1. Can you list, largest first and rounded to whole Å, the semi-axes you get for the stretch 70-141 by taking the square root of 5 times each eigenvalue of its Cα gyration tensor?
2. So what are the ³J(HN,Hα) numbers for the stretch 210-221, from phi and the Karplus equation (6.51, -1.76, 1.60; θ = phi - 60°), rounded to whole Hz, Gly and Pro as x?
3. What is the gain in length, in nm to one decimal, between Ala287 and Arg187 on full extension, counting 0.36 nm per residue of separation less the C-alpha to C-alpha distance?
4. If you fit an axis through the alpha-carbon atoms of helix 150-161 and take the longest principal axis of the Cα set of the chain, what angle between them do you get, 0 to 90°, nearest 10?
5. Quick one: if the Förster radius is 30 Å, what FRET efficiency do Lys295 and Glu59 give, using the C-beta to C-beta distance and rounding to 0.05?
6. Choose one answer from Ala250, Ala91, Ala80: the residue with the largest mean-square fluctuation in a GNM of the chain with alpha-carbon springs under 10 Å.
7. Provide the FRET efficiency to the nearest 0.05 for the Glu270-His173 pair, computing r from the beta carbons and using R0 = 25 Å.
8. Would you calculate a helix-derived [θ] at 222 nm for the chain, using -39,500 (n - 2.57) for each DSSP H run of n ≥ 4 and dividing by the full residue count, to the nearest 500?
Amino acid sequence: MFAAITFSEYGAPDVLTLSDVPTPHPGPGEVRIRVRATAVNPIDLKLRSGELAGIMPLEFPFVPGQDVAGVVDEAGEGAAFAPGDEVFGSAHLGGYGECVVLDRPFAKPAGVSFETAAAMVTVGETAYRALEHLHVAPGQTLLVHGAGGAVGAVAVQLAVARGVTVVGTAGDHDLDRVAKLGATPVRYGEGWAKRVRDAVPGTVDRVLDTAGTGVLAESIALTGDATRVITIADLAFAEHGVRFTGLDPADRFPQALPLLADLIADGRLEVPVWRTFPLSEAARAHAEIEAHHNKGKVVLLP
């Protein structure tokens, strides 16, 4: 048995409890890791609250968590890593615990902390994937909605590094940070489209929506083509003819994770960790995120 955070009913953060659960063992090609850090992601909160119950019904008790980093302590037959190796990756849930099984681990560079490695997994892959699906190229202009958020901030950095001109919408408290990332900051709220037009000398070639705040129609008007807009957050995507990325596992780019980790190790990509919490305080971590107190990723430490 090992300690993990579980919940046995949908509800507020206080349904999360520290429990003993059976110890998993890796199958062929898999490894079990002693978890050193687990990132808290929005999907964890949606699963816990029951918001996704109609799409992803759960079997209770349920252990949330996907993005993890740690040290291999048991390797299945044919695994690419051995006990003692430091790795990170995405689990099939169950990451809020002292150990978890990974079927596709990646080597953690020595210059990247466990906290940052875990924090980077979903936000880094999502940002990279969105830029790939948009076919963002040097010389283009990209508008990122939610540029002050975790995914948006990574997307801004990756796009700027590609030679793309980036405009980022954000709240007043994030405008300075968006500018430091290399984007032209534009304030959220009514009139944002005009402010973008005023900030961009030419046309907006592509739009990435990470906010999901009803900006798709005006984003299409800016680009002139719904196929040049992609969202990771607005469930009204279909009525606008916009692509939504994130629902289909086949849509993803896990192969980008080693590249992103190397960029972090070289100081060319920043994934800010706002705060860490002990695993036992997972409920508090969820509450902080729901209250929108966090300004970066939240990470649990077993």
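1. Working from the Cα gyration tensor, I get semi-axes of 29, 13, 13 Å.
2. 9, 9, x, 10, x, 9, 5, 4, 6, 5, 5, 4
3. Working: separation 100, 0.36 × 100 = 36.00 nm, distance 2.66 nm.
This chain segment gains 33.3 nm when fully extended.
4. It is inclined by approximately 60 degrees.
5. Working: r = 35 Å, r/R0 = 1.15.
After rounding to 0.05, the efficiency reads 0.30.
6. Result: Ala250 has the largest fluctuation of those listed.
7. So, using R0 = 25 Å, E works out to roughly 0.90.
8. On the way: 9 runs with 85 residues, N = 302.
Result for the chain, helices only: -8000 deg cm²/dmol.
We did not get these values from a lab; they are worked out from the coordinates using the rules stated. Bear in mind that the values here come from a model prediction, so they are computed numbers and not experimental data. Methodologically, a virtual Cβ is constructed for each residue, glycine included, from the backbone with ideal geometry; neighbour enumeration extends over all protein chains shown.
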